[in-house]
1. Would you order 160, 265 from fewest to most other beta-carbon atoms within 10 Å of each residue's own beta-carbon?
2. FRET efficiency for residue 512 and residue 572, Cβ-Cβ distance as r, R0 = 30 Å, nearest 0.05?
3. Suppose R0 equals 56 Å. What FRET efficiency, 1/(1 + (r/R0)^6) with r the Cβ-Cβ distance, do residue 64 and residue 592 give to the nearest 0.05?
4. Please order 165, 73 by the number of other Cβ within 10 Å, starting at the fewest.
5. Points 7 angstrom from Cα along the Cβ direction at residue 129 and residue 456: gap in nanometres?
6. When ranked by the protection proxy of mean other Cβ atoms within 10 Å per residue, highest first, what sequence do the peptides 223-229, 99-105 form?
7. Which order do peptides 501-511, 189-199 fall in by mean Cβ count within 10 Å, highest first?
8. Please give the FRET efficiency for residue 114 paired with residue 199, using the beta carbon to beta carbon distance and R0 = 25 Å, rounded to the nearest 0.05.
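Just so it is clear, none of the values below were taken in a lab; they were calculated from the coordinates. Small disclaimer: the values here were computed from a predicted structure and weren't measured. Reconstructed Cβ throughout: ideal geometry from the backbone, glycine too, with neighbour counts over all protein chains shown.
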């Protein structure tokens with residue numbers, strides 16, 4: 001078959017297939033053009049999820065007649081300085097967006113350059129270009145694309161529902177709005193306004209925080225840590241949530257490179273690496289990070305839709321992200337998510353309280369009948385006996401006096417009671433703190449083990465009577481193969497017959513731990529690490545397993561001094577706000593919130 005040139009219309013439609021995958025892709029290209037034109041307001045309107053209409057109106061620099069006619073030609077751009085593909089400082093540079101959209105839709109553009117008295121309009125219908133005509137309009141540009149993909153029906157069949165397509169567009173606009181807080185955005189679905197964000201004022205950090213709060217929610221801002229770091233000319237800023245504020249997927253992880261929203265595997269891996277010590281599998285941190293780097297050090301020309309980037313020095317970028325996040329998490333200390341307390345307060349609030357108040361005010365007799373105790377409850381109350389002083393285990397008088405003076409001096413307060421031999425209740429200067437004693441101690445032991453390993457190795461304690469642990473032969477084989485590495489972690493054992501090991505020493509930090517449970521859990525852990533080169537490659541997982549078995553267990557009664565010692569160590573230990581599985585170790589309830597529960601405020 002002879003080689004021939006493809007018709008221009010076919011070429012444009014092929015290009016459109018690479019650049020314009022769905023309505024959200026067209027909106028992204030058009031809004032990026034508006035941002036490159038210096039717009040401070042961008043209004044987007046969609047109908048039928050973008051199938052029947054996409055309209056983008058801005059107040060940017062605009063175009064005159066000659067620029068308008070050039071803008072709809074392929075590979076015509078005003079954004080590539082000196083034709084240097086390694087110095088791309090704007091969103092668009094290929095000159096493919098407008099001709100690609102015009103090849104698969106009915107495109108109409110109206111524009112007026114700043115300083116000119118007359119605007120101009122032009123149309124492109126399925127690749128057929130019309131004449132430029134005068135058109136009255138204010139400075140800026142409006143682009144309308146109607147009947148998207150009507151010229152390529154096969155692509156039209158692959159679109160999802162109108163709701164799904166509009167949702168993809170909304171996500172695109174939110175990402176661009178986060179990157180440009182100085183620009184106002186509105187997105188309408190027909191007549192309904194789905195998203196609006198006015199231009200933020202103030203310095204960049206304040207503008208960015210305000211915009212992130214508008215897009216990601218106020219809870220994120222309340223639970224976020226400021227990120228700021230620089231290395232070898234690469235600067236990273238943004239916000240990252242504390243580990244206990246997490247999600248079930250990674251959709252709330254945003255990365256921007258020189259103001260461009262990207263989805264990059266290096267970024268996702270770096271965030272996972274920074275948080276892996278604090279979150280269990282299946283949970284994902286929430287972050288919004290902004291990377292500033294020299295244009296020559298990053299390639300944004302990797303993907304037709306510019307959704308991916310490639311760094312010249314990926315190791316530097318990854319190290320910067322991991323280091324900055326870990327540093328911020330370490331500085332956060334014992335801080336936990338405020339949403340945990342919010343959920344706790346929500347559980348206390350009776351949903352029917354307003355209705356009950358109304359019933360009481362209008363029909364007191366009916367209200368009394370509704371809340372009257374049942375006979376079984378009254379009988380149980382009659383049998384109730386006050387607990388003895390020994391059951392309550394009150395703190396000493398001296399300690400109570402000291403606590404009254406010092407509870408405002410400690411972030412986690414002073415212990416007042418232990419509930420169900422599992423939870424410590426402490427009083428702070430302006431509220432109460434409820435601590436899960438096992439989860440908290442588990443994190444403390446874990447951090448001590450890591451610190452000891454980094455400094456001098458884990459101290460051991462010999463067992464008075466070595467303990468024999470029975471198991472299947474395969475598990476015993478795994479443990480025997482890793483005995484040398486486990487000894488470095490303070491756990492010394494040896495093979496004892498075909499189906500057992502004998503444990504002679506354990507890490508001193510674990511105290512009196514359940515040796516059998518520890519060994520069996522480690523055998524299961526090693527089964528999952530068979531592909532690793534050694535235990536040291538997954539040191540944190542092994543330490544976490546040991547720490548769990550060496551922690552204060554639920555069901556153990558603690559003295560007041562022991563509870564206070566646990567609280568003070570939590571205040572000194574980084575990351576003590578969550579256990580090794582990412583769950584919160586404490587909940588703080590402010591006095592004002594508690595007073596509102598009882599109608600005192």
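1. Details: 160 12, 265 9.
Result, fewest neighbours first: 265, 160.
2. Numbers: r = 24 Å, r/R0 = 0.80.
Once the sixth-power term is evaluated, E becomes 0.80.
3. Working: r = 60 Å, r/R0 = 1.08.
Taking R0 as 56 Å, the efficiency between residue 64 and residue 592 is 0.40.
4. Numbers: 165 20, 73 12.
Going from least to most buried by this count: 73, 165.
5. 7.9 nm
6. 99-105, 223-229
7. Details: 501-511: 19.3, 189-199: 13.8.
Highest mean packing first, the order is 501-511, 189-199.
8. After rounding to 0.05, the efficiency reads 0.85.
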